[in-house]
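Novice: Just passing along the structure, written as structure tokens.
The values are calculated or read from the model by the stated rules, or taken from the named source; none is laboratory data. As the structure is a computational prediction, the values presented were derived from the model and not from experiment. Counting neighbours? That spans all protein chains shown, and the Cβs are built from the backbone with ideal geometry, glycine included.
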Amino acid sequence: MMTIVSVAGLVVLQSGLRYYTQSNVNIMSTLDANRKNLQERLVIDDVWFYTAGNVKVSVINTGKVPAKITKVILNETDVTLSTEVILGLDQSTVITTAYSWTSGQVYLVSVETERGKIYGGYWKSP
């Protein structure tokens with residue numbers, strides 16, 4: 001009888017430890033994702049409006065983690081990216097997009113990352 005109780009107790013203990021370990025892994029994974037989200041920071045440092053209906057957006061990664069840009073948004077219109085844009089630490093890039101703009105207008109220019117953060121500002125076309 002004592003052996004059965006001991007084995008049953010051991011099975012319950014192992015199940016509890018397995019659950020505890022998996023919960024810890026899930027919590028640590030979530031905390032790591034949140035930490036990276038807090039350390040992500042992009043800056044749009046310049047925007048150029050070209051006559052052919054193109055807009056160039058210069059972006060710098062000033063954060064502590066690499067960032068993947070998934071979207072460029074011009075006045076709430078998603079603009080398709082032709083290539084994947086991944087910025088390492090202290091890296092910058094210029095993204096060229098096709099967008100029909102009007103001279104003298106103010107545009108909200110933003111970029112969105114795969115972590116869901118949006119960075120942007122207002123720029124006036126020439």
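Novice: How many residues, within region 94-114, are surrounded by 15 or more Cβ atoms within 10 Å (Cβ to Cβ) and either under 19 Å from the mean Cα position of the chain (by Cα) or outside the structural domain of GLY53 (by TED's automatic domain parsing) (or both)?
Specialist: 6
Novice: A further question follows. Consider GLY104 carefully, then state whether it is at negative phi, touching a Lys or Arg at 6+ places or on another chain (Cβ under 8 Å), of a type in the set (Gly, Ala, Ser) and not in a strand (DSSP E or B).
Specialist: no
Novice: Output the residues belonging to region 50-72 that are closer than 19 Å to SER125 by Cα and crowded, with 19+ Cβ neighbours inside 10 Å.
Specialist: Residues satisfying the conditions are VAL55, VAL57, VAL59, VAL72.
Novice: Could you count how many residues in region 58-81 are assigned to a loop (DSSP other than H, G, I, E, B) and closer than 26 Å to VAL106 by Cβ?
Specialist: Total meeting the criteria: 5.
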